[in-house]
1. Between B:Leu40 and B:Phe96, 0.36 nm times their residue separation minus their Cα-Cα distance comes to what?
2. May I ask for the net charge around A:Tyr89, where only other residues with Cβ less than 10 Å from the Cβ of A:Tyr89 are counted and Lys, Arg are +1 while Asp, Glu are -1?
3. Could you please report the charge total around B:Gly16, scoring K, R as +1 and D, E as -1 over all other residues with beta-carbon less than 15 angstrom from its beta-carbon?
4. How crowded by other chains is A:16-26, given as the mean number of beta carbons from other chains within 10 Å of each beta carbon?
5. For the charge dipole of the stretch B:23-107, defined by +1 on Lys and Arg C-beta atoms and -1 on Asp and Glu C-beta atoms about the Cα centroid, which residue among B:Gln97, B:Val54, B:Thr65 has the Cα displaced farthest towards the positive pole?
6. Suppose a student asked you for the relative contact order of the stretch A:44-113, using Cα pairs under 8 Å spaced at least 6 residues apart; what percent would you report?
7. Rounded to whole Hz and in sequence order, give me ³J(HN,Hα) for the stretch B:33-50 from the Karplus expression 6.51 cos²θ - 1.76 cosθ + 1.60, θ = phi - 60°, writing x for Gly and Pro.
8. Test of understanding: what is the full-extension gain from B:His7 to B:Gln81, defined as 0.36 nm times their sequence separation minus their Cα-Cα distance?
Amino acid sequence: NAGVTQTPKFQVLKTGQSMTLQCAQDMNHEYMSWYRQDPGMGLRLIHYSVGAGITDQGEVPNGYNVSRSTTEDFPLRLLSAAPSQTSVYFCASSFDRAQGPLHFGNGTRLTVT
Amino acid sequence: GENVEQHPSTLSVQEGDSAVIKCTYSDSASNYFPWYKQELGKRPQLIIDIRSNVGEKKDQRIAVTLNKTAKHFSLHITETQPEDSAVYFCASNTGFQKLVFGTGTRLLVSP
C-alpha cells in the first residue's frame, strides 16, 4: 500500500492564482481531512469528509474548497491564493473517522508571493 | 468549538531523564486522545493514543494518562534518547468527526 499520497511536494504561486492540491489514499478509508501547519500554531483542520459525496468545514475553511467524488481522492482547491495561505498542507485519512489513528501524507509546501 | 491547549512549547532534557507534556481540552464529549511525533521535515506519526474509557496506557518507554474530570491528558516519556528529539502534538476529537490539535511541544534531548 502506498498509504496517503500528496502532490505536488512543493509549489510557488503568485497572489490571485488558483491551484489544486491532490490527495489520494489506497486504504479504503472513508474519512479524509486536510490540515495546514504553520509555525507555532500546530495543525489546523481546513475541511474533512466522512465519505464520498460528503464534506464539511473545519477550523479554518475560508479560501479553500473541497470535493469528494470517490473514496480514494480528496483534492483541496485554492481559488485565489493569498500570502496568508503560505503553509505546509497535510492530507490525512482514517478508518474510524476522528476516533482512530490518522494516516498523514508527506505534505505539500506552498508559498504564495 | 473544541480548544486544545498544550504545554510546554519547548522542553529540554538530558538523555536518560523523563519528559512530560500536558494538554487540556474543552469538549466534555471528546472520547479519543492521540499523540503524534513529527520529526523535522517529516509528516506527523501516531505514537500512542487513549480512549475515554481508559485512564492510562503504556507502550514501552511511552505512556499517556487521562483525567476526564479535569479534562487533561499527558504524555510521559521515560529514559529519553536523542532520537526522541522532535515536535510532539496532542489532539482530541470533537463531534466524532473533527480532530483538533494542540500547538506542539519541541522536545530536545541532549546526549
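1. On the way: separation 56, 0.36 × 56 = 20.16 nm, distance 2.95 nm.
Separation in residues times 0.36 nm, less the Cα-Cα distance, equals 17.2 nm.
2. Values: positive: A:Arg36, A:Arg109; negative: none.
It works out to a net charge of +2.
3. Numbers: positive: B:Arg61; negative: B:Glu15, B:Asp17, B:Glu79, B:Glu83, B:Asp84.
Local charge sum for B:Gly16: -4.
4. Numbers: counts 0, 0, 0, 0, 0, 0, 0, 0, 0, 0, 0.
The mean count of partner-chain Cβ atoms within 10 Å per residue comes to 0.
5. B:Gln97
6. Working: 109 pairs, mean separation 15.6, N = 70.
RCO, the stretch A:44-113: 22 percent.
7. 3J(HN,Hα) across the stretch B:33-50, in whole Hz: 9, x, 10, 10, 10, 10, 7, 4, x, 10, 7, x, 10, 5, 10, 6, 9, 9.
8. Values: separation 74, 0.36 × 74 = 26.64 nm, distance 2.05 nm.
Value of the extension gain: 24.6 nm.
Bear in mind these aren't lab numbers, they're just calculated from the coordinates by the rules spelled out. Just so we're clear, the structure is a prediction, and the values are computed from it rather than from any experiment. Cβ coordinates were reconstructed from backbone atoms using ideal geometry, including for glycine residues, and neighbour counts include every protein chain displayed.
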